C-alpha cells in the first residue's frame, strides 16, 4: 500500500473509529503487518504487536521465542534497554511480553500524552530489530530468570492445549528450559527473528487515545518477511481424561465454529449464562468458589473453556451439577428472563471492553474477519432470538465434540501437574 | 470473596483528590445518622463505581472464630430468593459487576456499573447490606464455598496474607480463618458482629461517576435500613501491635522475596514517593544492570492501621539466596545516596502521569477513596479523603523519612524459596 493510501485509510478511520465496537483495518499487503486501528476518547492507549510464532515453532531449541523477545528489547541498539525501562517508568507505562504456543507479543499501555513517543520506540525495536550478539547474554539471563506469574489466563490455555493436543510440539514450555537458554546462539536467534518475527508476520493493533494518522505514519517504515498463518489446532474428539493432582479441577472445552452472523453474540451469551448458572449452583451446593467460563478465540484455536475447581468432599456433587447445567443449556431449559439478563450483561460488558484500551487491543489482536468483534455486535445481540441462541448452543455443546480433563485427587498421577487456580473472579 | 489486604498501588502516589482540574471536587460529608458520604462527581462519565465500606474486618473476629467477618460478607450477598436475588438479577441485567472484599481493617462491597444503573443498583445494595435477613442464610453451604476459596486461593494475595499473619500473630486466624475456627461460628455470632460493627457510624459510602452529592444523598436516604447510631456507639479503632522485626523463610514452589519496613507513623504520606524512588532503583539495578529478578514491584500497604513499604521480587534463579540482602542494600541506599535530579524528574513525572489517568478511572478512584474511608480513626476525627495535590517531591523529606523508618527494629522479610525455609 502506498503512503498516501495508508494515510487515506487512517484519516477515514478516525471518525469511524469513535463508533462503538468499530475499528479500521488496512488492506492486507505482503510484507506489511496486519494493522488494526481502534481510536477512542481515552486517557490511555495500547499498542499490541503480535507475531504468529511461539514455542510450537522452535524446532528443538526450547525457549528460542522467549529469548528472541527479550533480545529485541535488551540486545537491540535501536533503543538502549536502560533508556527504554526508564522512559516506561517515567510515563507510568506498562510493557508486557506474552509468549504462547503459536503466538508471541508485546503490549504497551501508556497515558495518551506519552504514548506515541513510546510506541515509536517499541515499533522500532520489534518491527526492525538489530540483534546485538554482544548483549545477547544479558537477554539470555533475563529469560533464564523469568518467573511465570501464577494464575495468568494464558497459563490455563497453555496447560489445556498441551494436555489435549496430539502434536507434541504443543507441549513445548513457552518459557523454555532455564538450563538450556545459555546454549542458544545469536545466529539461531537472528534466524528465528528473520523467519518469524517480521513485519509481514505481525498483527499490530492501536487502541484508545492515539492519532490514527500518526500510527499509520509510524507503521509505514516497516516491511519485510512473509506471513505464516498457523494451522488450526487438531483434536481427536471427544477427549476424556483424568490426571492425578493435589486438588480437583474440571477443564471442559468445546471447539466452536462461527458459522452464522449472530454466532459471536450467541457464544458470548452462552459463556456468561453458563458461568452464572454454574456459579449459582456451585455456591448453593457449597462445593465451589468461582467457576470460570470464557470463549478463547485465536487464529489457531477456538474453544469455549470451562474451569471449575471443586472443594474437598464436593467431587460427586460438582460432577453432577456440571453435567446438568451444560445439559440444561444444550436442551433449551433456560427462561426468557435469564436469556435476556445475559444478553444485556454481555452488551454492557463489551462496552466496558470497548473503552479499555488494553482489553480492546487484546481482543482485536485475535481478529480475523470472522465478525468476532465489530460494530455489528450490538445489532447481533439485540436481534439474537431464543431460537438462534439455542440452535447455536446445542451445536456447540454436543458431547461428541467435548474435551474433558479432570485433575483429580483420585486419579493416578499420569503427569506431575497442579491445575491453575483463580483467574480474575474474586467474590 | 477474596481476601484483599489493603494496598495502595504505588502509581496512585501523591494524587490529587479534593480538587481535580478536569472533574468536579470530591465531596465529603457526615450524614445525620453518622455515615460518611464521599462523592467524586464525573459528569458524563459512562461508568460509575460505588463502595460500601464497613470499618471492620478480620481484626475484629472473636477469639476462636477466625473468619467470621469474611463469612458474614459472603452471607450478606448469598444468592437466595428475595431482595438479594433481585439485586443479583438487576446487576446482571445492567452489565454491572458486584463483588466484596474483607481485609484486616475493613469489609467493602463493591459495585461497578454503567452510569445510568449506578444509583438504582447502589440503592438496592445498600438496602440489602443494611437489612439482611440473617436468619434465612445458609451457613453450612457458605462454609463449603469458603473452603473452596481457601483451597484454590493463591497469588500475591496469599503472600500478603502471610505478611499479615507474620506481623500480627495475635489476630485470630487470619482473614479466612481455618476450617476449625469457621466451624465454631454460629448465627448468634454473626448477628452480634453485624449489630456491633455494621453500625451507621462505622460505615462510609463512596460514589464516583455521573452522580451529584444531592442525588447520592437522596439515594442513601431511601435505601438505608439501619437505625441511626448514637454518638456513644462510635467505636474507637482497635490498636494492634505489630511483631516487628520479622524474618521468616518459607519453603515454597516459587522464589519470591517480600522485604521492607513498617513506616514511622508520621511518614505515611512519604510512602508513595518513597515506593516510586525505590521502584526506579530496583528496576534499573535488579532487572537491567545486574539481572537478578524477573520482576520487582514496590507497594504501600496498610495493615491493622500501620503503614508498610514492601518490595516484592520474583525470580526463577536457583541462586537467589542473596536476594534479601540485595533488597536490604537498596533500601539502605535511599538513605545513603540522595536522589539525583534525573531520578527526581522520573519519579515526579511518574506520579503525575498516574494521577492524570486516575481522574478518568472511576473504579480506581473509588478504590482509592474507599481505602482512605476504611482507615481506623478516632470517634471525633473527620474523614480525610487523602492528599489533595500531586505534590512536588521533596528529596530531603523522603530521605528523612527513610532514615527514621528503615531501621532494624522495623524490618520485615518473608523469603519464599524452594531451597530453604520451613
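Inter-chain neighbour count for A:279-289: the average number of beta-carbon atoms from partner chains within 10 Å of each residue's beta-carbon is 6. Starting from the Cα gyration tensor of chain A, take the square roots of the eigenvalues, sort them a ≥ b ≥ c, and report rounded, prolate or oblate (rounded when a/c is under 1.5, otherwise prolate if a/b is larger than b/c, else oblate). Judged from the Cα gyration tensor, chain A comes out oblate (a/c at least 1.5, b/c at or above a/b). For region B:58-118, the fraction of C-alpha pairs more than 18 angstrom apart is 44%.
Inter-chain neighbour count for A:340-353: the average number of beta-carbon atoms from partner chains within 10 Å of each residue's beta-carbon is 4.
Assign one of three labels to region B:31-91, namely rounded, prolate or oblate, based on the Cα gyration tensor with a ≥ b ≥ c the square roots of its eigenvalues; rounded applies when a/c is under 1.5, prolate when it is not and a/b is larger than b/c, and oblate otherwise.
Oblate shape, in that a/c is at least 1.5 and b/c is the bigger or equal ratio.
Percent antiparallel among DSSP beta bridges with both residues in chain A, to the nearest 5? Antiparallel bridges: around 80 percent, rounded to the nearest 5. Values of log10 I(q)/I(0) for region B:180-231 across q = 0.13, 0.21 Å⁻¹ run -0.50, -0.86, by the Debye formula with one identical scatterer at each alpha carbon and no solvent. For the pair residue A:411 and residue A:59, label points projected 7 Å from Cα toward Cβ lie 3.5 nm apart. Label 7 Å along Cα→Cβ of residue A:386; region A:339-365 residues with amide nitrogen under 11 Å? The answer is A:339-340, whose backbone nitrogens lie closer than 11 Å to the label point.
Between region B:51-86 and region A:361-381, the alpha-carbon centres lie 39 Å apart. The calculated FRET efficiency for residue B:403 paired with residue A:239, based on their beta-carbon distance and R0 = 45 Å, is about 0.15. Given a cut-off of 27 Å, what percent of all Cα-Cα pairs of region A:164-290 lie beyond it? More than 27 Å apart: 55 percent of the Cα pairs in region A:164-290.
Based on Cα contacts under 8 Å between residues 6+ apart, region B:96-217 shows a relative contact order of 23 percent. Computed from label points 7 Å out along Cα-Cβ, the spacing between residue B:378 and residue B:248 is 3.3 nm. From the largest down, region B:132-257 spans 53, 34, 33 angstrom on the principal axes of its Cα atoms. Rounded to the nearest 500, the helix-only mean residue ellipticity at 222 nm of chain A stands at -13000 deg cm²/dmol, with each DSSP H run of n ≥ 4 adding -39,500 (n - 2.57). Shielding by partners for peptide A:80-92, expressed as the average number of C-beta atoms from other protein chains within 10 Å of each residue's C-beta, is 5. Note that region B:277-399 carries a Kirkwood radius of 16.9 Å, evaluated over its alpha carbons pair by pair. In chain B, helical runs assigned H by DSSP with n ≥ 4 each contribute -39500 (n - 2.57); averaged across all residues and rounded to the nearest 500, the mean residue ellipticity at 222 nm is -11500 deg cm²/dmol.
Could you work out the relative contact order of chain B, using alpha carbon pairs under 8 angstrom and six or more residues apart, expressed as a whole percent?
28 percent
Given their separation in residues at 0.36 nm each and the Cα-Cα distance between them, residue A:399 and residue A:194 gain 69.5 nm when the chain is fully extended. Against the compact-protein benchmark of 2.2 N^0.38 Å, the Cα-based radius of gyration of region B:203-340 scales to 1.49.
For residue A:220 and residue A:19, the FRET efficiency from 1/(1 + (r/R0)^6), where r spans their Cβ atoms and R0 equals 25 Å, is about 0.50. The relative contact order of chain A comes to 23 percent, based on Cα pairs under 8 Å that sit 6 or more residues apart.
What translational D, rounded to a whole number of µm²/s, comes out for region B:308-349 from Stokes-Einstein when the hydrodynamic radius is the Kirkwood one over Cα pairs, at 37 °C and 0.692 mPa s?
264 µm²/s
The Cα trace of region B:346-407 gives Rg and Dmax of 14.7, 40 Å, the first to one decimal, the second as a whole number.
Which of the three applies to the protein assembly as shown, rounded, prolate or oblate, going by the alpha-carbon gyration tensor with a ≥ b ≥ c and a/c under 1.5 meaning rounded?
Rounded.
Shown is the FRET efficiency for residue A:231 and residue B:43, computed with R0 = 41 Å from the Cβ-Cβ distance and rounded to the nearest 0.05: 0.20. Remark on chain B: Rg and Dmax equal 21.7, 62 Å (Cα only). Listed by Cβ neighbour count within 10 Å, with the fewest neighbours leading, A:206, A:222, A:251 appear as A:222, A:251, A:206. What would the Debye formula give as log10 I(q)/I(0) at q = 0.10, 0.13 Å⁻¹ for the alpha-carbon point model of region A:271-406, no solvent? Rounded to two decimals, the profile gives -0.37, -0.64. Here, region A:207-355 yields an orientationally averaged convex hull projection of 13.4 nm² when only Cα atoms define the hull. With the crude spin-label approximation of a point 7 Å out along Cα→Cβ, what separation in nm comes out for residue B:392 versus residue B:319? The modelled label-to-label distance comes out at 4.7 nm.
Binning all Cα-Cα separations of region A:27-87 at 5 Å, short to long from zero, yields these whole-percent fractions: 3, 12, 14, 16, 19, 20, 10, 3, 1, 0. If you wrap the tightest convex hull around every Cα atom of region B:60-211 and split its volume per residue, you get 127 Å³. Across region A:169-210, the convex hull enclosing all Cα atoms gives 156 Å³ per residue.
Taken together, the values in this text are just the output of simple stated rules run on the coordinates, not laboratory data. Computed from a predicted model, the values in this text were never measured in an experiment. Counting neighbours? That spans all protein chains shown, and the Cβs are built from the backbone with ideal geometry, glycine included.
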